[in-house]
Amino acid sequence: MRIRQSAAVLAAGLTAVLGLPAPNAAAEQAATLYVGTPSAGCSDAGSGTQAQPYCSVNTAAAAALPGQTVLVQGIHHESVRITSSGTPDHPIVFRNVWVVNETGPAVVVSGAHDVLLRRGTVAGTDAGIRVEGSTRIGIEGIHARATDPQSGAALRITGASTDVTARANMVESAGAIGISVEGGARGTVLARNELTGKTGPAIAVNGAPQTAVVNNSVWNSCAPGIDLRGESTGSSVVNNLTTAMKDPTTGSCTVASPAAQIAVASEASDGTRVDYNLLAPGVTPYSWKGVAQPTRTDFTNASGQGSHDLVTDPKIWGTAYVPAEGSPAIDSGDATATGVPTLDLMDNPTADDTLVPDTGIGHIDRGAVEVEDNLFGVGLTTDTDQGPYPLTVQATAKANNQWPDSLAYTFDFGDGSPQVTGTSASVSHTYTGPCTCTATVTAASAASHVVSRAVTIKSTEPGPLVPALTVTSLVPDHADTTNELVPLTVQADASATVSPWRVAKWVYDFGDGTVEERYTDTSQHAYALPGDYTVTVTATDTTGRSATVSRPVRVQYTTSGYLPITPFRLIDTRRNDTALPGGVSMSVCSCWRSSEISPPVPGGVSAMVLNITAVDATTDTYLTVWPSRQPRPTTSSLNVRAGKPVANLVTVPIGPSGTVEVFNQRGLVHVVVDVVGYYHPGIGAKFTAAAPARLLDTRKTGTRVTSGATLPVQVSGKAGVPASATAVVLNVTAAKADSGGFLTVWPSGTDRPTTSSLNFEQGQTVANQVIVPIGPDGRIDLYSNGNTHVVADVFGYYSPDGKGLFTPTVPVRLKDTRYDTPKTTLGGGGRLVLPVAGTHGVPAGATAAVLNLTAATATADGWLSVWPDGTPWTGTSNLNTVPNRVVPNHAITPLGANGAIDVLNFAGRTDVVADLAGWFTNG
């Protein structure tokens, strides 16, 4: 069933919906008068060309000659009067007639003949269109309204007009009448119109003999439907569908005394035929010669008419006024009735519904709309889509329609062979040579509704299966907000494989124990560890033949820029009291998306920079952070004392599952994870290593940062940090605190985050490295929750004009003096030269390293300092040693010209542990 559009849509675009046949384009172009609007540069003094159209429809109507078309563009507020005439073979055609008149009829055809009004919307007070004293006038596809509630008629045919046809119109009557045929009009045909009204009759015929009222749909609010009066003899009322719409609130009619749905007065009854109509129950169906007939049988007995009429539920589709499948209106009308048009309201032809038995003559439906087969689409499948020639293919169409065996199919196999047309939905064809051909099937219904579907067929040269494979590392080169591409991802591409038959499946072996069976010629895989691997793909075609090819691939982390963000809290196990047990790890996701993050973090990051805080440990322990799905390294990220909060910065690559793992060695401990920033291969700022320089030391002024106070610190232009820097690497130390508390460091000009950068105890001197964005005024803010001195040392900065790009690595131990032979524990003033570049994959050209530095088994309060080998010490420190405590700290440090760093112990004896997290190279 084809559902028509609503009246509102039709009013705006009947041109597209009706699809009425148009004249030959070249001939119409030469014989078209154009009517535009003032904005289109119109002129009523011109000749109505497309370049300079008339302004008024009236001007064009006066100038129109037989065979010409008046094409109306835009809405015109005027009363159009048409008096010019055409000939039977060359009528004057008015198209897209959109006219509104607030003081009278919108269009008047007076004393004219052979005129066609095709498509448009008209609205007037007493008439949308008035035809008077005219002959052979056609009104098609018009949405007509009359606004006068007393005497208006949307269409009025009068003045002894003859042979006027109104077909496929949408007629609204807010007033007295929908269509009025009167004044001695003769031979009028009202066909396939849809009429809605409230108080007056939908169709009123008065003194108009031989009027054919055929296949109309009438939707009136209990008002008269079709009313024949006066000398309207020899008329016919056939194949109509009428219903009285009741008020949805009260369930009753909106008029006090409902009139009959079909009424024929005595003076109109002679020779008048009434039959094959469908009337809704609940309201008086008939009036014959002034007497109401309550049933169809009563009407037939009184009139001898209506023996094929039905008074029953029309089974309308929703509110669309279209008969639903199974409606008694379907295939039950009389196709031989006077005035039956070829096409319905929607320009569909008469169709035989194969799901409904025929009870009428000629398969026609009752009402304005012919129920058509719903042809929503068609599918096309072939038993094979690739193979060596000669290749025989069985093509099968599957239409999405309701009526079986009602479609015609046309198959075009795309190789120049003749098309195959018929009712069969399955056709065989043999390709005799090589081609990549597009095979197409087109399905067409009886209503000329057409849908198509195409598939590609490859007829190939005979030959062997020859697999091909390329393996490429996938590295995001821009800020992708949708793709969570993780490091160490490769793409295996076997699309260059040559096979006469289609490859049915691919088996990818990535050389790390991962084997995947796929039905596509590409596959992505994320490795857990960098290294050298062999990727193998096995292709199997539809005949069962298989072939294999392998390629080596080196998988490694990619250099990345830095994305500083205002720190935000990602995990705090205290919130739901889920302390991390000993021997257990938890996952931390890199794919965080939040409006709290500034700037937003794109997908495809390679490493995270986290501030990890351990709180309320039940025993001394340590935490290790590393990429997911890798073996846990033998390194530590944070050493923890029972009951004491401690924080450390951690830089760690993203694992293949998009997460990193945090492991607790023993006991129970709450874990707080604050995200400080990300590294990304395609974007971000670059690092510039700087010789350590002191930026802040409140001990020199003797004034602690008091609890609850915020201290602004100028960074740009200080300690070697330029104005272009977007973030700074600081080693922040809390010294001689007179109470426990924490420090928070963040960019100025933004709200203080709910994170901490450093936790301290009363009397403790403790350090932590931070990477903090610089505010737009070149400052950072430092907040203290406790009274303490604060020391801040610069170790480098990030900027758009920098050179250092970061390469992360799986955490690896560079040095542990506890296990050296002979022992290399540092004494007071002792110095350790630690080679970095040229070891553990760090290239010789590395400019800086990211380390986790740990002091173990210290015998005295003191500190460790790290700086580039071969350069003078600048008087800064990286971490503070405490007797019998294990103290870690993150350290980003420049490398000397020889790729080494120096580690100085200030006092006592201590062992030094150095774990590598990555390095910087100039790029």
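The values are calculated or read from the model by the stated rules, or taken from the named source; none is laboratory data. This structure is a prediction, so every number in the text was calculated from the model and none was measured. When we count neighbours, we look across all protein chains shown, and the Cβ atoms used for this are built from the backbone with ideal geometry, even at glycine.
Within segment 87-114, the set of residues being in a strand (DSSP E or B) and under 13 Å from H76 (Cβ atoms) comprises F94, N96, V97, W98, V99, V100, V107.
Scanning segment 58-70 turns up no residue that is closer than 23 Å to H143 by Cα, surrounded by fewer than 18 Cβ atoms within 10 Å (Cβ to Cβ) and of a type outside the set (D, E, K, R). In segment 271-303, of all residues being part of a strand (DSSP E or B) and of a type in the set (V, I, T), the one that is modelled with the highest pLDDT corresponds to V274. From the list V371, V378, V322, V356, the lone residue that is more than 38 Å from the chain's Cα centre (by Cα) and at pLDDT below 95 is V356.
Any residue in segment 540-552 that is touching a Ser or Thr at 6+ places or on another chain (Cβ under 9 Å), more than 30 Å from V609 (Cα to Cα), without any contact (Cβ under 8 Å) to a residue 60 or more places away in the chain and crowded, with 17+ Cβ neighbours inside 10 Å? Checked segment 540-552: at least one residue is touching a Ser or Thr at 6+ places or on another chain (Cβ under 9 Å), more than 30 Å from V609 (Cα to Cα), without any contact (Cβ under 8 Å) to a residue 60 or more places away in the chain and crowded, with 17+ Cβ neighbours inside 10 Å.
Quick test for you: out of P323, P341, P349, P328, pick the one residue that is over 22 Å from S448 (Cα atoms) and of a type outside the set (D, E, K, R).
Exactly one residue qualifies, and that residue is P328.
Meeting the requirement of 2 or more residues that are of a type in the set (S, T, N, Q), the strands (runs of 3 or more DSSP E) wholly within segment 337-407 are 377-382, 391-400.
Of all residues in segment 840-875, count the ones that are surrounded by fewer than 19 Cβ atoms within 10 Å (Cβ to Cβ) and either within 24 Å of K686 (Cβ to Cβ) or touching a helix residue (DSSP H, G or I) at 6+ places or on another chain (Cβ under 9 Å) (or both). Adding up the residues that qualify gives 9.
Table: residues versus (1) free of Cβ contacts under 8 Å to residues at least 60 places away in the same chain; (2) of a type in the set (S, T, Y); (3) surrounded by 15 or more Cβ atoms within 10 Å (Cβ to Cβ).
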| residue | (1), (2), (3) |
| --- | --- |
| T284 | yes, yes, yes |
| S287 | yes, yes, yes |
| T295 | yes, yes, no |
| F299 | yes, no, yes |
| I316 | no, no, yes |
| V322 | no, no, yes |
| S327 | yes, yes, yes |
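Residues that are within 21 Å of D820 (Cβ to Cβ) and outside any loop (DSSP other than H, G, I, E, B) within segment 856-888 comprise A856, G862, L864, S865, V866, L879, T881, V887, P888, listed in sequence order.
Looking across segment 616-645 at every residue that is within 47 Å of the chain's Cα centre (by Cα), in contact (Cβ under 8 Å) with a residue 60 or more places away in the chain and outside any loop (DSSP other than H, G, I, E, B), the one that is surrounded by the fewest Cβ atoms within 10 Å (Cβ to Cβ) is identified as T624. If I go through segment 564-593 residue by residue, how many of them are assigned to a strand (DSSP E or B) and at pLDDT 90 or above? Number satisfying all stated conditions: 8. Looking only at residues in segment 260-278 that are farther than 13 Å from Q305 by Cβ and of a type outside the set (G, A, S), the one that is farthest from the chain's Cα centre (by Cα) is E267.
Residues checked against (1) modelled with pLDDT under 95; (2) surrounded by 15 or more Cβ atoms within 10 Å (Cβ to Cβ); (3) aliphatic (A, V, I, L, M):
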site	(1), (2), (3)
A399	yes, yes, yes
D405	yes, no, no
Q419	no, no, no
S428	no, no, no
Y431	no, yes, no
V451	yes, yes, yes
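Remark: G667 matches the filter, which requires a residue to be more than 20 Å from V794 (Cα to Cα) and at pLDDT 95 or above.
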